[in-house]
């Protein structure tokens with residue numbers, strides 16, 4: 001059975017995950033290293049939040065694309081890594097440009113040089129396929145945002161579960177809301193272009209919760 005990961009892809013995913021997780025918890029990470037102050041639980045919660053908000057978002061794109069007959073693998077964006085680090089340092093983790101990489105998708109061939117995927121699937125409607133693949137990422141963000149919101153409601157005050165819930169909710173809400181903006185090359189553009197109803201079904205709950213969480217509460 002051939003692997004669905006290209007050579008070096010898993011390492012790229014791990015690097016992107018570590019950089020983004022440290023970025024969103026930069027002040028705690030720096031404090032922990034210096035021995036002055038820093039909360040290890042916040043850093044751990046950050047890794048959980050980015051695993052759902054970013055990594056599983058990208059893996060959603062990957063596996064749905066593969067299921068629909070495409071070759072899909074994650075690649076690091078070097079400038080994105082640099083901007084994530086720079087913005088984390090400048091803002092102390094208060095604001096980061098979190099785009100360390102993305103899943104790149106191409107039509108599948110019967111034989112692929114790395115032997116990591118092959119398919120005889122026939123693509124009949126590229127825009128429809130693109131919409132489904134694009135919806136997988138922010139759709140997962142919406143699902144995880146609701147999950148972490150429920151965790152926040154039931155978690156004990158000042159507990160690790162509350163910290164995970166807070167960061168997980170914020171990250172999934174932020175990334176999902178941003179990606180649903182109907183402007184290329186974001187996911188929202190590809191979804192709204194094909195089906196406005198599906199676009200609104202994903203975008204409106206994310207945008208509403210984002211507005212309430214970041215501007216009202």
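Values in this text are rule-based calculations from the coordinates and carry no lab data. The shown structure was predicted, so the numbers you read here are calculated from the model rather than taken from an experiment. In this analysis, Cβ positions are derived from the backbone assuming ideal geometry, glycine residues included, and neighbour counts consider all displayed protein chains.
For segment 125-217, the equivalent ellipsoid derived from the alpha-carbon gyration tensor has semi-axes of 28, 12, 9 Å in decreasing order. Hydrodynamic analysis of the chain uses the Kirkwood radius over alpha carbon pairs. Inserted into Stokes-Einstein at 37 °C and 0.692 mPa s, it gives a translational diffusion coefficient of 180 µm²/s.
Sorted fewest first by neighbouring Cβ atoms within 10 angstrom, 132, 86 come out as 86, 132. Compared with the dominant principal axis of the Cα atoms in the chain, helix 56-67 is inclined by about 10°. Restricting the calculation to alpha carbons of segment 129-169 gives Rg and Dmax of 13.2, 44 angstrom.
Taking 7 Å steps out from each Cα toward its Cβ at residue 127 and residue 86 produces label points 3.8 nm apart. In percent, rounded to a whole number, the relative contact order of the chain is 21, using alpha-carbon pairs under 8 Å and six or more apart.
Helix 9-24 and the long axis of the chain differ in direction by around 30°, with both axes built from C-alpha atoms.
Helices in the chain, meaning DSSP H runs of at least 4 residues, each add -39500 (n - 2.57). Divided by all residues, the mean residue ellipticity at 222 nm is -20500 deg cm²/dmol. The order of 206, 83, going from fewest to most other C-beta atoms within 10 Å of their C-beta, is 83, 206.
Principal-axis analysis of the Cα atoms of the chain puts helix 160-179 at an angle of about 50° to the longest axis. Note on segment 166-217: Kirkwood hydrodynamic radius from all Cα pairs is 11.1 Å, rounded to one decimal.
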